[in-house]
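Okay, structure first, notes after.
The values are calculated or read from the model by the stated rules, or taken from the named source; none is laboratory data. Note that this is a predicted model, so its numbers are computed, not measured. Methodologically, a virtual Cβ is constructed for each residue, glycine included, from the backbone with ideal geometry; neighbour enumeration extends over all protein chains shown.
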């Protein structure tokens with residue numbers, strides 16, 4: 001009688017349970033389950049959060065705006081256990097499910113790396129409200145760190161750490177990115193010559209492996225996984241927590257730009273600055289191609305040291321090179337900072353009439369790109385295709401590269417900023433997975449192009465992609481030793497070439513920590529053997 005009084009609910013429950021058991025049994029055979037069947041199975045995963053199976057378009061887009069791979073479901077976790085339970089469930093399904101999992105922070109990838117075709121995308125932003133913890137071991141600053149969730153944004157970390165007078169050491173140019181996202185690549189900006197990339201400033205990680213295991217790792221604990229995950233493109237585990245090293249934070253920044261017309265002088269001065277014992281806190285550079293007249297587009301908010309000379313300066317359509325520097329300081333150190341800047345500038349050979357200086361807060365300097373983002377969004381120019389190309393170029397090849405690329409391939413125009421600046425290899429740990437040139441100094445050259453969606457001209461997507469291919473073909477045919485950063489390849493052979501002598505170890509780590517090739521399918525490095533229908 002008790003069974004009959006709840007018969008409708010009980011029968012529905014039994015029917016669903018029978019269906020799930022049947023599907024689970026079927027999955028052990030060669031018959032592949034349908035998307036609908038897998039959706040039913042996912043509903044049985046024990047979660048504090050939830051899956052969504054509708055309105056998934058946002059998870060099939062990214063900043064690159066070129067690839068759209070729709071997932072089967074999006075996980076909105078309420079805890080790290082939700083992430084682990086989901087991955088473990090997919091792991092237990094085995095190869096026959098064909099199901100893959102991608103962690104998505106802010107969707108700032110360029111080639112669909114955070115997408116999972118007919119798989120599961122984890123919305124890492126769901127746990128962004130998780131508390132951050134700033135720790136000063138022994139009461140000192142030297143061992144200070146911040147413990148954060150992997151989906152947290154760097155801009156939020158900055159604001160939280162500043163409450164304690166502290167700051168991370170190394171940044172990316174754009175701060176509205178997730179911790180897990182940048183640490184899975186490297187995290188490079190103008191501080192990298194001094195402090196290394198962001199992956200060189202991590203003390204400990206919490207990682208969910210491709211088996212659904214939650215593992216804590218550091219240089220001393222599970223070190224093999226620790227180094228593999230850093231720069232590992234999400235192939236070995238999902239970064240769910242990280243401890244980031246901190247240092248005392250400045251209040252203000254002297255932000256400086258100068259111009260060069262000679263490339264050799266430009267790179268000589270850059271290399272001099274990154275090799276000096278006392279130098280700037282941030283050093284970058286960029287290329288200005290075919291901009292006639294006054295260059296107001298790059299010097300707005302900067303004050304010229306000599307307004308009269310600056311007002312008469314014209315590029316005459318020549319390719320110019322801008323050296324960008326920053327010196328951090330606190331108000332009580334302003335005079336000393338001024339003297340250090342004068343001393344450093346006196347050693348450089350820039351065009352004297354092009355010294356421009358701005359004084360801004362530390363936060364405004366670090367978050368400078370966000371201002372440009374807001375302007376572009378207001379004009380509807382943010383969500384356009386971004387066929388970016390990022391390269392690491394050995395010092396020995398940079399002149400040959402510049403002569404061909406800036407003097408031939410791109411001599412007429414560019415479709416966005418072109419960054420170029422050197423870093424010291426000694427600040428990078430060769431135990432991480434990131435691939436860089438072997439030389440002591442190498443350059444980041446980033447072509448940050450934006451394409452006009454409807455254009456078939458020089459600002460159209462196909463033209464820019466063709467230019468990128470010409471650049472890559474030139475590098476390959478002339479054996480310049482160039483490595484792609486934020487790389488995109490379509491075949492495993494290309495990835496094998498990219499990793500070179502570290503490929504076998506990379507593959508071994510994949511078989512150890514994600515043997516069913518569940519994680520980060522959007523990179524197209526490994527391919528789960530059997531896709532589902």
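So here's what we get for this one:
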item: Which listed residue, of 492, 467, 508, is over 16 Å from residue 398 (Cα atoms) and buried (at least 20 other Cβ atoms within 10 Å of the Cβ); result: 467
item: Residues (closer than 25 Å to residue 425 by Cα and surrounded by fewer than 16 Cβ atoms within 10 Å (Cβ to Cβ)) located in the stretch 386-408; result: 396, 399, 400, 403
item: Test result for residue 59, under 26 Å from residue 113 (Cα atoms) and either part of a helix (DSSP H, G or I) or modelled with pLDDT of 90 or more (or both); result: yes
item: Qualifying residue in the stretch 154-162 (condition: in contact (Cβ under 8 Å) with a residue 24 or more places away in the chain, outside any helix (DSSP H, G or I) and either surrounded by 20 or more Cβ atoms within 10 Å (Cβ to Cβ) or touching a strand residue (DSSP E or B) at 6+ places or on another chain (Cβ under 9 Å) (or both)); result: no
item: Pairs where the first residue, in the stretch 29-53, is more than 12 Å from residue 97 (Cα to Cα) and the second is at pLDDT below 75 and outside any loop (DSSP other than H, G, I, E, B), C-beta under 7 Å, 6+ apart; result: 40/19; 40/20; 40/23; 44/20
item: Some residue of the stretch 72-88 being outside any loop (DSSP other than H, G, I, E, B), within 18 Å of residue 383 (Cβ to Cβ), under 24 Å from the mean Cα position of the chain (by Cα) and modelled with pLDDT of 95 or more; result: no
item: Residue 263 modelled with pLDDT of 95 or more and within 30 Å of residue 503 (Cα to Cα); result: no
item: Some residue of the stretch 303-316 being within 30 Å of residue 154 (Cβ to Cβ), at pLDDT below 90 and touching a strand residue (DSSP E or B) at 6+ places or on another chain (Cβ under 8 Å); result: yes
item: Residue ranges of helices (runs of 4 or more DSSP H) in the stretch 353-424 with at least 1 members within 25 Å of residue 186 (Cβ to Cβ) and over 24 Å from the mean Cα position of the chain (by Cα); result: 398-404
item: Some residue of the stretch 223-240 being modelled with pLDDT of 95 or more, surrounded by fewer than 18 Cβ atoms within 10 Å (Cβ to Cβ) and more than 29 Å from residue 393 (Cβ to Cβ); result: yes
